[in-house]
Amino acid sequence: MTSSAAAGSARRSAGRPSSLRTEYRELTRKRLLAAVREVLEEEDYAAATVDEIVGRAGTSRATFYLHFRSKAEAAAALLEQVTPSDRGWYTALEQAVGSREGLRRWMDEALHWYESHAGLLAALNEAGAVERMVAERRSESIERLVETMSGYLDRFEGAARTEAQLRLQLLVRQLHQVAMDTAVQGTWRTDRELLLDVMSASWHATLGPDGSGPRA
């Protein structure tokens, strides 16, 4: 083996322990988040304990606190993990705004997503009500989701773009609250079909017939 080959082999060998530690740490974090999700899908946030989470994950409290400073931080991290699941909607939204019918279909799919994740979303909503970190993370996720609609936002410049971002954020926050009230918590019992009709008409009027904003 040449000296250069030997040196290269030594560097690769030296890098393996660090790489393995990183992989193990990432796998452990995933196991912990999976356990957090399992627990929160079954019970309220307030009732969930770190002991129950580490028991599900097959780890220790010490390991949990190597990854998260608190239950709130773990819930916030789980919210980050769950949020990308709905980014596909916002990619599709740019096409959906072209028609009221498209918006209605898009909203119907969004409500179905909330329904299919009702237990988890209810617990995360409770976490956001008592943990500022979780509430802030949810707000940040909405801002990021709005930014995925670059095709829509790129139609505007300067102050008009800022207004367009705000317009989208208002609508997305409205949708989230409506979905929580109707599809997740069931605190607002209303005709689903009529709700979709009214909301899609409202969004279409706000975003404009061609998705470029309200017309004068």
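Summary of values
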{"quantity": "Convex hull of region 40-165 built on C-alpha atoms - directionally averaged projected area, nm²", "calculated": "9.3 nm²"}
{"quantity": "Tilt relative to the chain, helix 100-116 - C-alpha long axis, 0 to 90 degrees, to 10", "calculated": "40 degrees"}
{"quantity": "FRET efficiency, Glu109 to Ser150 (Cβ-Cβ, R0 25 Å, nearest 0.05)", "calculated": "0.75"}
{"quantity": "Cα-projected label distance for Glu140 with Ser99, points at 7 Å along beta-carbon direction, nm", "calculated": "3.9 nm"}
{"quantity": "Distance between modelled label sites at Glu80 and Ala129, nm, 7 Å Cα→Cβ extension", "calculated": "2.6 nm"}
{"quantity": "Helix-only CD estimate at 222 nm, as mean residue ellipticity for the chain, using -39500 (n - 2.57) per DSSP H run (n ≥ 4)", "calculated": "-25000 deg cm²/dmol"}
{"quantity": "Where N is the number of residues in region 157-205, Cα Rg divided by 2.2 N^0.38 Å", "calculated": "1.38"}
{"quantity": "Helix 3-42 vs. the chain, principal-axis angle (Cα, 0 to 90°, nearest 10)", "calculated": "50 degrees"}
{"quantity": "Debye, to nearest 20: dipole size of the chain, +1 on Lys, Arg Cβ, -1 on Asp, Glu Cβ", "calculated": "1080 debye"}
{"quantity": "Label-point gap, in nm, between Ala62 and Ser116 - each point 7 angstrom along Cα→Cβ", "calculated": "4.1 nm"}
{"quantity": "Kirkwood Rh, Cα atoms: Rg over Rh of the chain", "calculated": "1.12"}
{"quantity": "Angle between the chain longest axis and helix 192-207 axis [Cα atoms, degrees, rounded to 10]", "calculated": "90 degrees"}
{"quantity": "nm² value of the averaged projected area, convex hull over the Cα atoms of region 100-216", "calculated": "7.9 nm²"}
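Values quoted throughout were computed directly from the atomic coordinates according to the rules given, and no laboratory measurement underlies them. In this text the structure is predicted, and so the values were computed from the model without any measurement. As a convention, Cβ positions derive from the backbone with ideal geometry for all residues, glycine included, and neighbour counts pool all protein chains shown.
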